[in-house]
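Below: one structure, written as structure tokens.
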Amino acid sequence: MIQGSGYEKAFLFFGILQGVAIFALALLLVKPRAPKGAVAAKAVLTNPVEFTPGQMVKTPVFWLIYASFVAVAAGGIMATAQLGPIAKDFGFASMPVTLLGMTLPLLTMTLSIDNLCNGFTRPLCGFLSDRFGRENTMFVIFIGEGLALLGLMQYGHNPYAFMFFAALTFLFWGEIFSIFPALCADTFGSKFAAANAGTLYTAKGTAAMLVPLASILSARGGWGAVFTVAAVVTIAAGLSAKLVLAPMRRRFITGHVEAMPVSDAAFLARVQREGE
């Protein structure tokens, strides 16, 4: 539609179409009812104390979660911002690529696949973190993103390797939008979950402020320097999730459980045992 009628008509058409679809689907939303006997997932440790955003930002564990969010988001945002310039520098941005019967410029095809991966990983990683624990999933996924960035650096001159590692980068990056809100609610309660998650989400804006750093690094050390720094930071976040965040968050939540009245603590323990 952009090629045939111009971007103005395409944007107007899809803007109206999406707006009408969202409005219509919103009318079908209802608050779900928990089934009888529902209990928390075995691998998920939750805090019975409800924190307001003001109380949350005063805790060290929040700032560790925030720093992890910034580190992982920065790698994905840098990749998003730099894929176009990188593909042009490598000389294959406009190279025609055929996939599933569709022929598109390589950069367009890459971005389309990347967005599919970015969307698919959100329910996938949410599912995995519910069953294997938030930090365990973060450990694997964050390190996976770092390795994907290194693969893009090492093999990105090949157009098909460029597409493959870019897709992996987005696959491992998109999980921040499912795991971090859940992690926030587990740690600081669900009563103020929307405001707390919104406060935590400002980490994406902080990460975006690091994008100009990528331009500086690329000017001085090439794209290899950009991906090396992003990969190191992301892998460090994965190690931190397992080795630092997990025990720190457990101590934080356990301390509040132990401080509860005896009757409430006993009830919580019984619910957790039933979940196991």
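The values are calculated or read from the model by the stated rules, or taken from the named source; none is laboratory data. None of these values were measured; they are calculated from a predicted model. Here Cβ is always computed from backbone atoms with ideal geometry, including for glycine, and neighbour counts include all displayed protein chains.
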Out of all the residues in segment 130-163, which are over 30 Å from Met56 (Cβ atoms) and in contact with a Gly (Cβ under 8 Å, 6 or more places away or on another chain)? Leu149, Met153, Ala161, Phe162
Filter segment 178-197 down to residues that are over 22 Å from Phe142 (Cβ atoms), touching a residue at least 24 places away in the same chain (Cβ under 8 Å) and assigned to a helix (DSSP H, G or I), then give me how many there are. 1
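Only one of these is surrounded by 10 or more Cβ atoms within 10 Å (Cβ to Cβ), in a loop (DSSP other than H, G, I, E, B) and touching a Phe, Trp or Tyr at 6+ places or on another chain (Cβ under 8 Å): Phe62, Phe92. Name it.
None of the other options fit; the residue is Phe92.
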Of all residues making up segment 109-123, the number that are under 16 Å from Gly156 (Cα atoms) and without any contact (Cβ under 8 Å) to a residue 24 or more places away in the chain: 0
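Is it the case that some residue within segment 76-83 is of a type outside the set (Lys, Arg) and surrounded by fewer than 14 Cβ atoms within 10 Å (Cβ to Cβ)?
The answer is no; no qualifying residue exists.
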Residue satisfying condition, being basic (Lys, Arg), modelled with pLDDT under 50 and either surrounded by fewer than 17 Cβ atoms within 10 Å (Cβ to Cβ) or not in a helix (DSSP H, G or I) (or both), within set Arg250, Arg270: Arg270
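Of all residues in segment 118-132, which are crowded, with 19+ Cβ neighbours inside 10 Å and modelled with pLDDT of 90 or more?
Thr121, Cys125, Leu128, Ser129
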Could you figure out which of (1) in a helix (DSSP H, G or I); (2) modelled with pLDDT under 80 isn't true of Thr103? (1)
Residue count for segment 95-107, restricted to those that are of a type in the set (Ser, Thr, Tyr) and surrounded by 15 or more Cβ atoms within 10 Å (Cβ to Cβ): 0
